[in-house]
Every structure is written in structure tokens, then in C-alpha cells.
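Beneath this line is the structure, given in C-alpha cells, with notes to follow.
Computed from the coordinates by the stated procedures, all read-outs in this text should not be read as laboratory data. Predicted model only: the values in this text are computed from it and were never measured. Positions of Cβ are backbone-derived with ideal geometry, glycine not excepted, and every protein chain shown enters the neighbour counts.
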Amino acid sequence: MVLLASEYKLLNHGDHAPDFTLPATDGKTYSLPDFKRAKAVLVIFICNHCPYVVPKINEMKRIAADYKEQGLVVIGINANEDQNYPDDSFEKMKKYAQKWGLNFLYLRDESQDTAKAYGAVCTPDPFLFDGNFKLVYHGRIDDTHGKEEANVHELHEVVGEFLRTGKITRKEKPSMGCSIKWKV
């Protein structure tokens, strides 16, 4: 297992979110324009087995629940290859979505083109976009990197501040997690 930090090489603040068309665990296929009525869109690259993602599932669900009525859409995307990591197959994603009781969309990036377009390198790797799909935040979920309890719920605070004021005052700190499992 390799612990990596988010990279800031492709998307900068104000850059438009790359479009995608990906299948979801709910049986539908989604593209970025499907969320044009959202006030904000949170895209988080995650997977089923990462020891840095699993402890953050409840926090992601809390963010989705707390801010849905204010116009936030949360989208989890799994780009891990599944030949060597069968726990990340689309069928297993469906089982995990049900097991975890996900209240946000969980999409499969089989080609890995979406993860590459976003510059995602680790799981979890969150990107927050405004209602025009412009990047406003790319940072960590909280101040932990494992199973310990978080002291600061940074992403929750950032989303709340953005939805209330249209601004973000918190300095970004990179997310840390397992490397995305790229196809060879």
C-alpha cells in the first residue's frame, strides 16, 4: 500500500470540471450536465477497499445529508482497476453501496479516463465545484489518515461555508490515501 497526497497539476481553482459519462450503482448513467441545477458538486475519488476511504464513508454520507437541501450533489467515483483488485469491481461496488447505505451517487470509471482528466491520484481525493462546475476546493476530508476520530472536519466546514457565502476561507491541505490502482 502506497500513501500518496493529492496533486495539483491539472485542475486549478476556476478550472471547469472535466465532463464524464459513467454508470452508477443505482443502474443509471450520469454525465456532468445532469447536475446543472446544483449549487455545488463534490466529486470524490474513492474505492471499496482503501483503509483511508472506508473510515471516511460516514463523513461523506454526513456531508451529503447535511447539504443536500442547500443544493449540494455528492458523487463518489471508483477508478481502480479490478483485475488485481477484485474488491473494486462494479458488482462489488453495488454491494458496498448497499452495505454502507450510501446516500450519494457511486460511479464506475472503468476506463480511468475521468480520474486522469481530474488529476486524481489517491483515494479519497475530493474536488468541490461551484454551480458552474468551476473548481473551488481540492483538499482533504478531515485531519486524519486512518481509523482515529477526526478533530477537524475540514470538508464539511468548507462545503457549509461555500454554500452560505459563496467563498472559502480555509487553506487547502492535500488529501492523503492509497494510490489509485492504474491499469498497466
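When the chain is described by a simple charge dipole with +1 on each Lys and Arg Cβ and -1 on each Asp and Glu Cβ, the residue from N80, F35, A17 located farthest towards its positive end is F35. Note on the chain: Cα-only Rg and Dmax are 14.8, 44 Å. Springs between Cα atoms under 10 Å define the GNM used for the chain, and in it the highest mean-square fluctuation of P51, P33, P124 occurs at P33. Taking the average, over residues, of other Cβ atoms within 10 Å as the packing measure, peptides 83-91, 126-134, 70-78 rank 70-78, 126-134, 83-91 from highest down.
Can you pull out the trypsin sites (Lys or Arg not before Pro) in segment 1-99 whose DSSP state is coil and whose Cβ has at most 16 other Cβ atoms within 10 Å? Kindly include the intermediate steps, with their values, before the conclusion.
Values: sites: K9, K28, K36, R37, K39, K56, K61, R62, K68, K92, K94, K95, K99; in loops: K9, K28, K36, R37, K39.
Of the trypsin sites (Lys or Arg not before Pro), the ones in loops of segment 1-99 whose Cβ has at most 16 other Cβ atoms within 10 Å are K9, K28, K36, R37, K39.
Computed extension length for R62-E91: 8.0 nm, one decimal, from 0.36 nm per residue of separation with the Cα-Cα distance subtracted. When only the Cβ of Lys, Arg, Asp and Glu is charged (+1, +1, -1, -1), the dipole of the chain relative to its Cα centre reaches about 280 debye.
Does segment 110-178 come out rounded, prolate or oblate, given a ≥ b ≥ c as the square roots of the eigenvalues of its C-alpha gyration tensor, rounded meaning a/c under 1.5 and, failing that, prolate meaning a/b above b/c? It is oblate, given that a/c is not under 1.5 and a/b is not larger than b/c.
Normalised by the number of residues in the chain, the mean separation of alpha-carbon contacts (under 8 Å, six or more apart) gives a relative contact order of 34 percent.
Per-residue Karplus couplings for segment 56-65, computed as 6.51 cos²θ - 1.76 cosθ + 1.60 with θ equal to phi - 60°, are listed in order as 9, 4, 5, 5, 4, 5, 5, 4, 4, 5 Hz, Gly and Pro entered as x.
Taking only the alpha-carbon atoms of segment 3-81, what semi-axes of the equivalent ellipsoid follow from 5 times the gyration tensor eigenvalues under a square root, in whole Å, largest first? It would help to have the intermediate numbers written out before the result.
Details: eigenvalues 78, 60, 46 Å².
Semi-axes from the Cα gyration tensor: 20, 17, 15 Å.
Cysteines in the chain that lack a partner Cβ within the 4.7 Å cut-off: C47, C122.
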